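One structure below.
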Amino acid sequence: MAETDSQSSLAAVRTLARQIIANVNQVIIGKQATVELVVIGLLSQGHLLIEDVPGVGKTMLARSLALSTACTFGRLQFTPDMLPSDVTGVSIFNQATRQFEYQPGAVMSQILLVDEINRATPKTQSALLEAMEERQVTVDGVTHPLPQPFMVLATQNPVEYEGTFPLPEAQLDRFFFRVSLGYPSLWDEMEMMSRQQFQHPIETLRAVISVEELLAAQEAIKSVHVSQSLREYIVRLVRRTRDHSDVYLGASPRGSLALFRGGQARAALEGRDFVLPDDIKALAVPALAHRLILAPGARLREQKPEAVVTQLLEEIPVPESAPSRR
C-alpha cells in the first residue's frame, strides 16, 4: 500500500514538473534541456548559477519560474557598492516601541534572482552563504528563517571580467548546478520576435501549481530509489575529481549529494521510481564542473573542467541498471 502511495506521489511530481516546464517554455524558447535542469534543481531544493552572455533570457527564466510556481520573487542587482545589509535586511530602531525591528532584505523571497553576482565585493557575496546553506539569515545576532521553498538563481557573464570579483570556492560549492542558455537558433530567434511583437509572454504567464504542491513534490522525490551500486558510482566519480592530475581542488561531498538528489528528481521527471546510471551521467557536468579548480598546468593548456568530468565518466565503470527496488 505504501509503495502504491509512493508511486502515485511520484506520478503527480512528473505531472507538476511537466506543467512547469511547458509554462516556462512559453517565455524561454528552444531551451528545453536547460529548463528541465532548472526544474530538477528546484525539485531538489538546490540553487543554480546561470553563466551566460547578456540578453539570452537569464532574468526571464528566473521570473517565469517564480510565476509558474506561485512563489514570491525577489531580485538583487549586485554592484560594487552594495552592502551585506542590502541582501539580508537590517534592524531599525522604532521610536514608538523603543525596540529594534527587523526590516527584511530581498533575500526573504522564495525565488531570489541575484543578477551579476560577481560584481559585488566578496563581503557582500558572503552575505548569501548562510542563506544558501542553512536557509536562514542572522542580523544583529538574531536568526531569521527564510521562507519555504527557497531558491537562489544567480547570473554572471563568463566573458566580461572587468570590475568583477571571482566567486570564492565556498560560494561556488553551494550552487547545485551551473547551467547556460546560449544563443537561440535562427528559427527560435524569429519565433521570439513573433511572440514579443505586441507584448512580452511573461506578462500573461500564470501559475500552474501552488507553493503547497511544490513543497509536496520536493518531499516526494526523496522516496525515489537509488541502489547501493549507484551510490558507490556517484562517490567514486566525485572522489576521482580530487586526485585527477589536472585538478588542484576537486568536488566536495556537496557534489555527491547534488548528483544523488538530482538523480532522484530526474528519475521522477522521467516517470520512474528508481535512478539509472544515465541520470547520473546526464547531470555530472552541470553538478560537478563548477566545483573543480584546475591546476596551473591544465589552465595553461586551456583545459576545461567540463572535459575533466567527461573524461572521468568514460573511465569509471558504470554499474548495471537496477530496474527495481530489490
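We did not get these values from a lab; they are worked out from the coordinates using the rules stated. Please read all numbers here as calculations on a predicted model, not as lab measurements. Here the Cβ positions follow ideal geometry from the backbone for every residue, glycine too, while neighbour counts run over all protein chains shown.
Values computed for the structure shown
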item: For region 224-326, alpha-carbon Rg over 2.2 N^0.38 Å; result: 1.09
item: Gain in span if fully extended, E219 to Q99, counting 0.36 nm per residue against the direct Cα distance; result: 39.3 nm
item: V53 paired with S126, simple spin-label distance in nm, labels 7 Å along Cα-to-beta-carbon; result: 3.5
item: With at most 11 neighbouring Cβ atoms within 10 Å, loop GluC sites (Glu not before Pro) (DSSP) excluded, longest segment of the chain; result: 1-161
item: Stretch gain in nm, segment T164-T138, where the contour uses 0.36 nm per residue and the Cα spacing is subtracted; result: 6.7 nm
item: Ranked packing of 89-98, 72-81, 260-269, 275-284, most packed first, by mean Cβ within 10 Å; result: 260-269, 275-284, 72-81, 89-98
item: Karplus (6.51, -1.76, 1.60) ³J(HN,Hα), θ = phi - 60°, over region 112-121, in Hz, Gly and Pro reported as x; result: 10, 8, 10, 7, 6, 4, 7, 8, 8, 5
item: Among R178, R206, R63, residue whose mean-square fluctuation peaks in a GNM of the chain (springs only between Cα atoms under 10 Å); result: R206
item: Residues F73 and R236, FRET efficiency given R0 of 45 Å [Cβ-Cβ distance, rounded to 0.05]; result: 0.70
item: For the chain: lysine pairs under 24 Å (alpha-carbon distance), excluding those fewer than 8 apart on one chain; result: 6
item: Separation of the S91 and A12 label points, Cα + 7 Å toward Cβ, nm; result: 4.1
item: Relative exposure of H200, H244, judged by other C-beta atoms within 10 Å (fewest first); result: H200, H244
item: log10 of Debye I(q)/I(0), alpha-carbon scatterers only, for the chain at 0.09 Å⁻¹; result: -0.50
item: Label point distance in nm, E191-L83, each placed 7 Å from Cα along Cα→Cβ; result: 4.7
item: Estimated [θ] at 222 nm from DSSP helical runs (n ≥ 4, -39500 (n - 2.57)) normalised by residues in the chain, nearest 500; result: -13500 deg cm²/dmol
item: Antiparallel bridges, percent of DSSP beta bridges restricted to the chain (to nearest 5); result: 40
